[in-house]
Amino acid sequence: MEARLDYFGHPLAAKVLKHINSANKVVVDSTLPHTVQELVKLRASQINGCGFCTDMHSKDAAHAGETQQRLNLVAAWREATVFTEAERAALELTEQGTRIADAAGGVTDEAWENAAKHYDEDQLTALVSLIAVINAYNRINVINRTPAGGYQPGQFG
């Protein structure tokens, strides 16, 4: 499988990615726990069928110390007992925020209120921003058919 175009090597794409990467850096540097950030990125990538991002975020999470069991269960987090209530709230918000087109009302008040029980306003802002950013990355890579499997942890900084 080959990418449709050399997106990462294209000058226009470099300009676009500069801004998306800057937004991502703000989230990374926020008080939203890094474990939650990796779970959110992985779950959105799974939902969107982004092999490149699923590969990247599962490897980055493992490299950061996440257990293989938890990584294996992210796709089935509702039935898994290995996630905290705060992580579960973030995963629910991620799913609803990623599947906006599937739900006439968007994100439910219940999902929002549950997340708000576990995260302060800064963390909620970071969480919403992260969901938006990872969805942007996913869409770029899915549209471009960026191949998965060759990512090395820390490859992009």
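The values are calculated or read from the model by the stated rules, or taken from the named source; none is laboratory data. Just so we're clear, the structure is a prediction, and the values are computed from it rather than from any experiment. Cβ: placed from backbone, ideal geometry, glycine included. Neighbour counts: every protein chain shown. In case anyone asks, the SASA skips ligands and DNA or RNA and just uses the protein heavy atoms, side chains included. Shrake-Rupley method; radii C 1.70, N 1.55, O 1.52, S 1.80 Å.
Quick look at the values:
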read-out	value
Principal axis dimensions, the chain - Cα atoms, whole angstrom, descending	42, 31, 30
Most mobile of LEU42, LEU130, LEU71 in a GNM of the chain (Cα contacts under 10 Å)	LEU71
The chain: most fluctuating residue of GLY49, GLY106, GLY97 per GNM, C-alpha cutoff 10 Å	GLY106
Heavy-atom surface of the chain, accessible at 1.4 Å and reported per residue (Å²)	55 Å²
P(r) weight above 19 Å for region 63-135, C-alpha pairs, percent	38 percent
Rg followed by Dmax, in Å, when region 1-91 is reduced to its Cα trace	14.8, 45
Phi-based couplings in Hz for region 83-98 (Karplus 6.51, -1.76, 1.60; Gly and Pro marked x)	10, 6, 4, 5, 5, 5, 5, 5, 5, 5, 4, 4, 4, 5, x, 7
Rounded to the nearest 20 debye, dipole of region 60-157 from Cβ charges on Lys, Arg, Asp, Glu	540 debye
Dipole moment magnitude, nearest 20 debye, region 1-116 about Cα centre, only Lys, Arg, Asp, Glu C-beta charged	440 debye
Low-density loop cleavage sites - trypsin sites (Lys or Arg not before Pro) in region 1-91, where at most 12 other Cβ are within 10 Å (DSSP)	ARG4, ARG78
Farthest toward positive dipole pole in the chain [+1 Lys/Arg, -1 Asp/Glu at C-beta], among GLN152, ILE100, ASN135	GLN152
With every protein chain in place, the chain: carbon and sulfur % of accessible area (1.4 Å)	55 percent
Candidates LEU127, LEU17, LEU32, ranked by Gaussian network fluctuation over the chain, Cα under 10 Å, top entry	LEU17
Within the chain, helix-based [θ] at 222 nm, where runs of 4 or more DSSP H residues each add -39,500 (n - 2.57), nearest 500	-20500 deg cm²/dmol
Cα convex hull of region 93-146 - mean projected area over all directions, nm²	4.0 nm²
Of THR81, GLN68, ALA116, farthest towards positive along the dipole that unit charges on Lys, Arg, Asp, Glu beta carbons give region 28-157	GLN68
Region 4-157, relative contact order [Cα under 8 Å, separation at least 6], %	38 percent
Eligible lysines near LYS15 by straight Cα distance, threshold 28 Å, same-chain separation 8 or greater	LYS25, LYS41, LYS59
